[in-house]
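What follows is calculated from the coordinates using simple rules that are stated; it is not laboratory data. Since the model is a prediction, treat every value here as computed from it, not as a measurement. Here Cβ is always computed from backbone atoms with ideal geometry, including for glycine, and neighbour counts include all displayed protein chains.
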Amino acid sequence: MNSFFSEDNWVGWVDALSENHYVVIDHILPKQILLDLKTSFDERVEAEALRKAAIGTLNQKQVDRSVRGDEILWLDKDMADQRIHTFFDLADEIKQNLNRYCYLSLSGYEFHFAHYPEGAFYKRHLDQFQGRNNRLISMILYLNEEWHPAYGGQLKLFLDGGKEETIMPTFGRMVMFKSDVLEHEVMITHHDRYSITGWMLYQPVGLSFLETS
């Protein structure tokens, strides 16, 4: 597999992730690949393949629209869709480099399409629960073309010392942050908002499954 990025790119991004607990990378993939992913997403929205997202763990999952209002579709490598496979190639490169430079011993990942319809949000939360600690790095790739500030839908990260970082969900932007460190929220969106969201895993999928994102 050819690499998407150079060693220098990864060293800089990993340094930022280690120091700040998060990193923002713009133009993470070529525009055509991003457009292809968005088309794949649109096809599944049109086919009504997405489902209301739940909160909680394992058999305690429940849909609570007062906490989160998105709808999701889990992705896997068995899907006969080369567009999604290209994204998984990027995920493999990210996992490899996080293991190389951060010594995380990541063994896998899980991702889903996430659609926030108008009026949806996700209240402040942490992606890792006590006793359910297999998610180490949270990762979001935004697929929103021509996103305007008035649309809302920003990702808000709650940093050390009471500081906050607000990130616009612009097309081709990727955000990675430490799942066990940074609480975050998705602010109310006034326009359809699309992303691929997921986690780099310490253990295989299913051992401590969470549906928080």
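Figures for the structure shown
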| item | result |
| --- | --- |
| Estimated 222 nm signal from helices in the chain, with DSSP H stretches of n ≥ 4 weighted -39500 (n - 2.57), rounded to 500 | -8000 deg cm²/dmol |
| Residue-by-residue Karplus 3J(HN,Hα) for segment 189-199, coefficients 6.51, -1.76, 1.60, Hz, glycine and proline x | 9, 10, 7, 3, 10, 10, 7, 9, 10, x, 9 |
| Identified option (computed percent of Cα pairs over 27 Å apart; candidates [x] 26; [y] 37; [z] 29) | [x] |
| The chain: DSSP helices with Cα axial extent of at least 18 Å and average Kyte-Doolittle hydropathy no lower than -0.5 | none |
| Filter on 52/123; 31/52; 123/178 - keep pairs with C-alpha separation over 26 Å | 31/52 |
| Computed FRET value (nearest 0.05) for residue 47 with residue 118, which takes r as the C-beta separation and R₀ as 30 Å | 0.90 |
